[in-house]
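Asker: There's a structure below that I have some questions on.
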Amino acid sequence: MSPQPATTGRPAVAPEEGVAAIETYAAPRSLAEAVALLRTGEATILAGGTDLMPQSKTGRARFQRMLMNVRHVPELRGIRGTQDCVRFGALTTITELLDSALVKNRFNALWQAADHFASEQLRNAATIGGNICNASPAGDTLVPLLVFDARVELTSEVNGAAARRTLPLAEFFVGPGRTQRRATELLTAVEVPLPPDGFFSEFYKFGTRPALDISAIAIGFGAVRDGQRLRQVRVAFGAVAPTPIRAAKTEAALASQPLPAAIEPALAAAAADIHPISDIRASAWYRRELVRNVLRRMLNNVTQN
Amino acid sequence: MSPKIDVAFKLNGVDVRTTVSPGMSALEMLRDELHLTGTKYGCGEGECGACTINVDGLSANACLMFAADCHGREIVTIEGLVSDPRTEALKKSFVAYGAVQCGFCTPGFVMQARNLLEKVRSPTPEQIRRGIEGNLCRCTGYKKIVEAISEAAAASS
């Protein structure tokens, strides 16, 4: 794979495809209104704006004819738990994740990612739906959401009514900045199954400073502990492939034998799961070293606790 | 031809109406349309916090916010805090501790420090450092800023 430009991998667009392309602005007040406006697939969706604004100022955002601000759509708000699942409205901010006892108690890796997310100013504005749709390989919430088997809910208007489909987050990303969302669809929620009893999870992000850094690599890890055996192991990596990824080979290696014997095979498996590139933040070699050493440290901690 | 968008919101306690273009940031609107220049443009990417404002009670980077998205919201800038006692305490302690050198980052730091002190009355130095993680200062090395915020907390609690 050839190196990508910095930050999102999006090349500059022609000036007439930037903000100059916007002909109308809409701020729908309901989901029905929002999906109706999306019928022709010619709207750029604005939520927190924290990615869209810098992308527009640096000429990396391609705008549609309509700029649609979805912040006033009430159906996109709120964190709601049911018996076996939690539904995060797409407009849930990172601060709201951080302030949620449910997230802290049941989705530790997601809470940790929210805690490490940029800065307070950013956390107050940035949304989970925006983080997902921006589809950065280094998106902070994406790695833990993969660990928790999240699904995305997409809503569009079909024959005058709102129609929903859901798909696993792991299938949603198709490349840097690219997703399976159709132009007529709005990402309305993220659904995350409650993890099994005894499931613990950890998120680790490596950057050059704690705040406001885009990850050189990120690792999400979760499992149910049974002595030194790990069951239901889930591992995800960020910033080491064109999209955030689940690490199937690493998971299989960790499930096949008890700790600490499983560690070295898992590190070898992780090297096969990842496909890092060299860019402004780290070389491919350095990313491989980071994944190996950070994953080893995380697994050593699990072994000793 | 880019469309004009009418926005109406509360700015420093006063109802304002103005017209903005779709790509305009809240920072550009505040500085260039409404002539409130206390909120600074540092990086334009949310990295430096010089443009920190308060939106509906929460701190935010004005450079990352779309001006159109200000509609219906309550926005407070550094200019709106002239008679705020907590801000006054911060102002005094920033001067007393030499926490201002070139001064460019100062309005953002004061906004963010006030926001921290609203939530945590007597923050530890660690809580202060965490609270200002979204603000950069290239002059002071932060020590004086952390001390000044600590002193302002003691003075106003």
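Asker: Hey, among A:ASP99, A:ASP140, A:ASP115, which residue is closer than 30 Å to B:CYS43 by Cβ, without any contact (Cβ under 8 Å) to a residue 12 or more places away in the chain and either of a type outside the set (Ser, Thr, Tyr) or crowded, with 24+ Cβ neighbours inside 10 Å (or both)?
Answerer: Among A:ASP99, A:ASP140, A:ASP115, only A:ASP99 is closer than 30 Å to B:CYS43 by Cβ, without any contact (Cβ under 8 Å) to a residue 12 or more places away in the chain and either of a type outside the set (Ser, Thr, Tyr) or crowded, with 24+ Cβ neighbours inside 10 Å (or both).
Asker: Checking B:GLN101 against (1) within 30 Å of A:GLY18 (Cα to Cα); (2) more than 14 Å from the chain's Cα centre (by Cα), which single condition isn't satisfied?
Answerer: Just one mismatch for B:GLN101, condition (1).
Asker: Same structure again: For segment B:67-84, check the following and say yes or no: at least one residue is assigned to a helix (DSSP H, G or I), within 18 Å of B:GLU147 (Cα to Cα), touching a residue at least 60 places away in the same chain (Cβ under 8 Å) and among the aliphatic types (A, V, I, L, M).
Answerer: Taking segment B:67-84 and keeping what is assigned to a helix (DSSP H, G or I), we get B:67-70, B:78-81.
Adding the requirement that they be within 18 Å of B:GLU147 (Cα to Cα) leaves none.
For segment B:67-84, residues assigned to a helix (DSSP H, G or I), within 18 Å of B:GLU147 (Cα to Cα), touching a residue at least 60 places away in the same chain (Cβ under 8 Å) and among the aliphatic types (A, V, I, L, M): absent.
Asker: Do we find that A:ARG209 is exposed (fewer than 14 other Cβ atoms within 10 Å of the Cβ), modelled with pLDDT of 95 or more and part of a loop (DSSP other than H, G, I, E, B) in this structure?
Answerer: Answer is no for this residue.
Asker: Would you be able to say whether some residue in segment B:69-84 is within 19 Å of A:LEU212 (Cβ to Cβ), within 9 Å of chain A (Cβ to nearest Cβ) and out of contact with any Cys (no Cβ under 6 Å at 6 or more places or on another chain)?
Answerer: No, every residue in segment B:69-84 fails to be within 19 Å of A:LEU212 (Cβ to Cβ), within 9 Å of chain A (Cβ to nearest Cβ) and out of contact with any Cys (no Cβ under 6 Å at 6 or more places or on another chain).
Asker: Among (1) more than 11 Å from chain B (Cβ to nearest Cβ); (2) surrounded by 21 or more Cβ atoms within 10 Å (Cβ to Cβ); (3) touching an Asp or Glu at 6+ places or on another chain (Cβ under 9 Å); (4) within 21 Å of B:GLY44 (Cα to Cα), there is one condition A:ALA61 misses while meeting the rest; what is its number?
Answerer: Just one mismatch for A:ALA61, condition (1).
Asker: Restricting attention to segment A:225-235, does a residue exist that is of a type in the set (A, V, I, L, M, F, W, C) and part of a helix (DSSP H, G or I)? Quick ask: steps written out before the conclusion?
Answerer: Of segment A:225-235, the ones of a type in the set (A, V, I, L, M, F, W, C) are A:230, A:233, A:235.
Still in the running and part of a helix (DSSP H, G or I): none.
No, the conditions are met nowhere in segment A:225-235.
Asker: Oh, and also: From the list A:LEU267, A:LEU254, A:LEU259, pick out the single residue that is outside any helix (DSSP H, G or I), assigned by TED's automatic domain parsing to the domain that holds A:GLY207 and without any contact (Cβ under 8 Å) to a residue 60 or more places away in the chain.
Answerer: Only one candidate qualifies: A:LEU259.
Asker: Do you know which residues across segment B:1-40 are of a type in the set (A, V, I, L, M, F, W, C), away from chain A (no Cβ under 14 Å) and either surrounded by fewer than 19 Cβ atoms within 10 Å (Cβ to Cβ) or assigned to a loop (DSSP other than H, G, I, E, B) (or both)?
Answerer: The answer is B:VAL14, B:VAL16, B:LEU34, B:LEU36.
Asker: Condition first: closer than 17 Å to A:ASP115 by Cα and polar (S, T, N, Q). Now tell me which residues in segment A:181-221 satisfy that.
Answerer: A:SER201, A:THR208, A:SER215
The values are calculated or read from the model by the stated rules, or taken from the named source; none is laboratory data. Worth saying up front: this structure is predicted, and the values here are computed from it rather than measured. Quick reminder, even Gly has a Cβ in these numbers, built from the backbone with ideal geometry, and neighbours come from all protein chains shown.
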